[in-house]
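> Provided herewith is a single structure, encoded as structure tokens, for subsequent inquiry.
Read-outs throughout are calculated quantities, based only on the coordinates presented, and are distinct from any laboratory measurement. Since the structure is predicted, the reported quantities are computational estimates derived from the model, not experimental observations. Neighbour counts run over all protein chains shown; Cβ positions are idealised from the backbone, glycine included.
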Amino acid sequence: MLNLLPVTLRFLLGSLLWLDSPQPPAVQSAPSPISLHLRHQHAITNDSRVIFSDMAPSFAADSYDVGTLKIQTHRPQSAKAFHSARLRSIRHDQSERVLWDPTDILGPNVEDRETLLALAKMTSNAYTTSTTSDWYVLDGWNKSTPFGWEPDADGFRGHVFVSDDNSTVVLSIKGTSAGWITGGGGPTVRKDKLNDNLLFSCCCARVGPTWSTVCNCHQGSYKCDQTCLEKSLIEESLFYSVGVNLYNNLTYMYPDANIWLIGHSLGGSLASLIGVTFGAPVVAFEAPSEKLAATRLHLPSPPSTHHVTHVFHTADPIPMGTCNGVTSSCAIAGFAMETRCHLGKVIRYDTVTQLNWTVDVRTHSIVQIVERLLQDDWIEEGQEGRTVPEAKPDVDCVDCYNWEFGDFKG
């Protein structure tokens with residue numbers, strides 16, 4: 001149906017379509033844990049090719065148990081219908097119906113602290129290699145150098161874990177390699193920063209008059225050309241399309257497997273966007289808010305995104321959407337992290353109130369999650385019997401409320 005509404009109203013309605021219905025996801029009693037093995041490493045080369053490296057046999061010999069839970073996801077009935085609807089929205093600003101299949105699958109038990117801790121360690125290892133001191137050894141994995149992985153390549157990379165019977169595959173995606181957060185920087189900083197500023201800023205990372213924006217869509221004051229913005233995001237944001245291709249490669253390698261996605265920071269947001277595309281379970285740690293990016297990427301909206309779970313704490317300003325403004329730590333480092341609305345559900349640890357943590361961008365590191373946040377059960381009044389806070393959807397959340405979006409260039 002041709003959309004004849006003004007651009008600003010279309011943009012607002014498009015964002016609201018990503019609000020989930022209030023009903024909770026279908027949850028059954030917890031099945032038995034599954035054993036996962038580190039099977040592959042993945043990376044993107046400088047010419048945007050996805051490469052795989054099989055791990056040495058000594059890595060695959062050891063396993064790690066992860067708790068599971070039956071959850072419901074919504075998957076498009078066909079990839080062709082999904083991409084046709086997205087393309088029609090991009091080219092003609094028209095909607096096209098996508099039929100979704102509700103499917104009960106085995107997902108990670110996000111109500112269990114030990115499961116979140118295991119997934120956080122697996123996520124953390126995407127930042128490093130198995131020969132470095134900050135590699136988390138899971139169940140005695142050996143530290144031998146894998147063959148064929150390119151740690152100096154610029155961009156997207158991570159690991160692939162597989163269950164004993166090949167029925168479950170877990171894809172981890174690295175987040176931003178930035179020395180001001182993680183303490184080390186890294187070879188992937190350039191493309192990481194480009195993706196961060198395209199996906200999580202209101203308008204091309206326009207923070208102040210001294211900033212060089214990543215696209216030319218700012219039209220003065222708080223006005224942004226919506227058509228220009230969406231075109232720039234689709235053309236220049238490499239990582240979402242890379243992630244889609246990687247997921248398709250995994251379905252070819254493991255055609256009968258149930259695929260999960262995990263990631264930290266930018267990697268968590270990318271995992272969420274890919275998980276919504278394919279209806280795959282997601283656990284994202286400390287991820288910037290990606291609901292606005294989903295709208296701008298014209299991703300068809302499923303009936304529910306409750307299969308996506310975000311885990312973060314209130315002392316981290318990045319997922320909280322408070323690391324913004326010219327004087328913020330993010331802006332000083334060249335990052336415009338301005339969004340605040342998440343897809344799916346949020347497990348929010350109130351570390352500021354409960355543990356007296358100070359709001360500081362340095363708490364954004366995945367190491368803080370592994371070594372401080374998830375080492376002990378979470379104790380909170382009114383939440384007796386739980387080991388982690390309850391997962392809830394974001395409500396009453398609005399992104400970039402002070403910006404005006406329209407066809408200013410036209």
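> Would you please put 320-333, 303-316, 103-116, 259-272 in order of how densely packed they are, using the mean number of other Cβ atoms within 10 angstrom per residue and starting with the highest?
Top to bottom by mean Cβ count within 10 Å: 259-272, 303-316, 103-116, 320-333.
> What FRET efficiency comes out for Asp407 versus Lys80 if R0 is 25 angstrom and r is the Cβ-Cβ distance? Round to the nearest 0.05.
According to the calculation, E is roughly 0.25.
> If I model a spin label as a point 7 Å beyond the Cα along the Cα-Cβ vector, how far apart are those points for Val359 and Thr213 in nm?
Distance between the two pseudo-spin positions: 2.7 nm.
> Provide the gained length on full extension for the span Asn166 to Thr103, in nm with one decimal, where the gain is 0.36 nm per separating residue minus the Cα-Cα distance.
In short, 20.7 nm is gained.
> Pairs to check: Lys223/Lys392; Lys345/Lys409; Lys70/Lys291; Lys70/Lys231; Lys80/Lys231. Give those whose C-alpha atoms are more than 31 Å from each other in this structure.
Lys223/Lys392; Lys345/Lys409; Lys70/Lys231
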